[in-house]
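Mind having a look at this structure? Questions to follow.
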Ligand SMILES: [Zn+2]
């Protein structure tokens, strides 16, 4: 297969689509799976209920990014104590070319990136009126509702703040191989590289060939896209700007960087394919990562997701006609 590195698709959403966003994403699931991600742009009639006051980030994570091989195609990412290290003066990052050359030209042995992860923090108000988009309700609008409210309530939004030029989100997939909805609140563009789930085996083999035994699920690696080109791994780019959503498909692997400071927020959810395509059954018991508490898996009883209940869920919540006769708030 030849390497395909075109951009992932962009779709427009109106206020009706936004009120039924899981159903909207479901209707685009074909391209979502093929590309691993889509970008959603809001039309002018969409209303978001956003908090004016920004949250001051308290737990800054500094990442140390180190070249792993001579051709500078693979970097390892390690978290280091934030307090002890100042960020070096760095030339502005304006596009992917300046980002990757700033990485490889770094005079230092490593490159530092500052990101604050604020679990269970949000800049969205809880839903006041149906017309407002509310990020909190996304997990229970999704197939995850079959797991019961006690479980669904554990899936909460997570805010991320990048603090300067070239902040990095290393290679990872969403928790428990779920889908992820990511909103860009404010700040500089975020450049994404997306590897669809079906390229996982190919990527595993290539990393073995490159003598890397580092896990690619949990933010330990950053890979120069030239490596994907060389090995004909299919991947796609997306540039996410303020007020845009990015949706990641179940099992997709992504890495990204921001040109400068930014605020982003994400929430996991599930489509029927999370069960039907087997993503829910993935086990990372072989992974040696020290996963911090925030990423500890939420125990979901997968046996609750029977074929019959999934079909009922699809009929009731996902197959919504354009007049909105089936309301996602019913039941
Ligand atoms: Zn891992």
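Name the residue that is modelled with the highest pLDDT, counting only residues in the range 288-298 that are within 16 Å of the ligand (Cβ to nearest atom) and surrounded by 13 or more Cβ atoms within 10 Å (Cβ to Cβ).
Across the range 288-298, the extreme among qualifying residues is 289.
Among (1) crowded, with 23+ Cβ neighbours inside 10 Å; (2) touching a strand residue (DSSP E or B) at 6+ places or on another chain (Cβ under 7 Å), there is one condition residue 212 misses while meeting the rest; what is its number?
Failing condition for residue 212: (1).
Conditions tested, residue by residue: (1) in a strand (DSSP E or B); (2) within 16 Å of the ligand (Cβ to nearest atom); (3) touching a residue at least 24 places away in the same chain (Cβ under 8 Å).
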residue: 138; (1), (2), (3): no, no, yes
residue: 150; (1), (2), (3): no, no, no
residue: 155; (1), (2), (3): no, no, yes
residue: 164; (1), (2), (3): no, no, yes
residue: 182; (1), (2), (3): yes, no, yes
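Can we say residue 211 is within 25 Å of residue 93 (Cα to Cα) and away from the ligand (no atom under 16 Å from the Cβ)?
It is false that residue 211 is within 25 Å of residue 93 (Cα to Cα) and away from the ligand (no atom under 16 Å from the Cβ).
All but one of (1) at pLDDT below 95; (2) closer than 28 Å to residue 69 by Cβ; (3) assigned to a strand (DSSP E or B) hold for residue 159; which doesn't?
(2)
So that you can scan it fast, the table gives a plain yes or no per residue for (1) free of Cβ contacts under 8 Å to residues at least 60 places away in the same chain; (2) within 16 Å of the ligand (Cβ to nearest atom):
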| residue | (1), (2) |
| --- | --- |
| 221 | no, yes |
| 227 | no, no |
| 233 | no, no |
| 237 | no, no |
| 253 | no, yes |
| 270 | no, no |
| 277 | no, no |
| 300 | no, no |
| 308 | yes, no |
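The values are calculated or read from the model by the stated rules, or taken from the named source; none is laboratory data. As the structure is a prediction and not an experimental result, all values here were calculated from the model. Every residue, glycine among them, receives a Cβ derived from its backbone with ideal geometry; neighbour counts consider all protein chains shown.
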